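Undergrad: Below you will find the structure I want to go over with you.
The values are calculated or read from the model by the stated rules, or taken from the named source; none is laboratory data. This one's a predicted model, so the numbers in the text were calculated from it and none came from an experiment. Cβ placement follows ideal geometry from the backbone for every residue including glycine, while neighbour counts extend to all protein chains displayed.
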Amino acid sequence: MSLFAILFSGAGGALHRAVIRLSLFLCALAGLSTAEATTLSRVSFEDLVQKSTGIVRGRIVGSYSDVRGSLIYTYYKVQVEDRWKGAAAAQVEVQIPGGTFGGQQQNYLGTPQLTEGAEYVFFLWTGPSGANHLLGLSQGILDVTRDGNGEVVLQGQATDALVMDSAGRNTAAEPLRMKLSDFGTRVSGALKAGAKAK
């Protein structure tokens, strides 16, 4: 008799109870997981530039977490070192979903991993409340590093979220990579192309 037949025939009661207990345990364990599923629309470099309200290069100088309703957000204070788009400011605050507050932690797939003291390029979108968000979550941030020749390089972060193209197909998100010296030219080109399309 197959395992399926034993489980649903009433025979093998101990095995049936063990499978039920294991199923309940796995369901409870799954309920403890704090990672929230995320699906992102794939965003091109041109879209990031054109749809953002601000593009800055800066260093994270502090962070804190807070709750809005039932959601935890982490707020990163960024000391601005360079700006390609948006209003001038020496410092901006960026709101990212997830974090730890009051002993509880929430994690969201698709959010970037940020480190205090590290430098990044941020594609920002300022919402109606005035809060700055990353456009496209992890697609809207570039790590600032140096290559073997000492040249500054911008590198997108890999995402753990499901990324879909405009046709709704699952697509691998290839992280963006370019030299900082080329970045300003590409931003200017994307802004000009966006202005012509309007």
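Undergrad: How do the strands (runs of 3 or more DSSP E) wholly within the stretch 77-132 filter down when requiring 3 or more residues that are within 20 Å of the chain's Cα centre (by Cα), within 23 Å of Asp47 (Cβ to Cβ) and assigned by TED's automatic domain parsing to the domain that holds Ser63: which remain?
TA: In the stretch 77-132, 91-97, 119-126 are the strands (runs of 3 or more DSSP E) which contain 3 or more residues that are within 20 Å of the chain's Cα centre (by Cα), within 23 Å of Asp47 (Cβ to Cβ) and assigned by TED's automatic domain parsing to the domain that holds Ser63.
Undergrad: For the stretch 144-198, what are the residues that are assigned to a helix (DSSP H, G or I), surrounded by 14 or more Cβ atoms within 10 Å (Cβ to Cβ), at pLDDT 85 or above and not β-branched (Val, Ile, Thr)?
TA: Correct list: Leu180, Phe183, Arg186, Ala190, Leu191.
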